[in-house]
Amino acid sequence: MVTIDDFKNFQIRIATIKEVDDHPDADKLYVLKVDFGEEQKQLVAGIKSSYTKEGLIGKQVAVIDNLEPAVIRGVESQGMLLAAQDETGIVILSPERKVKEGSKVK
């Protein structure tokens, strides 16, 4: 079980996707450049089966921003894009209206 104090340690913020590239060594992964307003980060996300590159540009997304960076198939990921998955595919979690980049999810 995760306690409320554990959950409070996650920094979830809204970022805008600025660039999308194919991962050089994985068919199901994209490499995303996301903007939090005051900084940009690179994320690796397994969403290629449900989204086109063009459909992702400009989309606001929820990101766990304070994860330790991880190298995924040779590419560093500096956070985790939040998404849900069911039998019909993957859907990115995003605000229902445009918000300021870097806004905290509570």
Got a sec? Which of Lys104, Lys59 is more than 14 Å from Ile17 (Cα to Cα), of a type in the set (D, E, K, R) and touching a strand residue (DSSP E or B) at 6+ places or on another chain (Cβ under 7 Å)? Lys104
Quick test of your reading of the structure: Ile14 fulfils all but one of (1) within 19 Å of Val105 (Cβ to Cβ); (2) part of a loop (DSSP other than H, G, I, E, B); (3) among the aliphatic types (A, V, I, L, M). Name the failing condition by number. (2)
Among strands (runs of 3 or more DSSP E) entirely within the range 44-104, at least 3 residues that are surrounded by fewer than 13 Cβ atoms within 10 Å (Cβ to Cβ) and free of Cβ contacts under 8 Å to residues at least 60 places away in the same chain occur in 83-86
Quick one: in the range 1-26, which of the residues that are of a type in the set (A, V, I, L, M) and surrounded by 18 or more Cβ atoms within 10 Å (Cβ to Cβ) is nearest to Met80 (Cα to Cα)? Ile12
Given the criteria out of contact with any Leu (no Cβ under 8 Å at 6 or more places or on another chain), in contact (Cβ under 8 Å) with a residue 24 or more places away in the chain and either in a loop (DSSP other than H, G, I, E, B) or not hydrophobic (A, V, I, L, M, F, W, C) (or both), does Glu19 qualify? no
Could you please give the count of residues in the range 27-43 that are more than 20 Å from Lys104 (Cα to Cα), surrounded by 14 or more Cβ atoms within 10 Å (Cβ to Cβ) and either modelled with pLDDT under 95 or of a type outside the set (A, V, I, L, M) (or both)? 1
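The values are calculated or read from the model by the stated rules, or taken from the named source; none is laboratory data. Here the structure is a predicted model, which is why all the values come from computation and not from measurement. Virtual Cβ from ideal backbone geometry, glycine too; neighbours counted across all protein chains shown.
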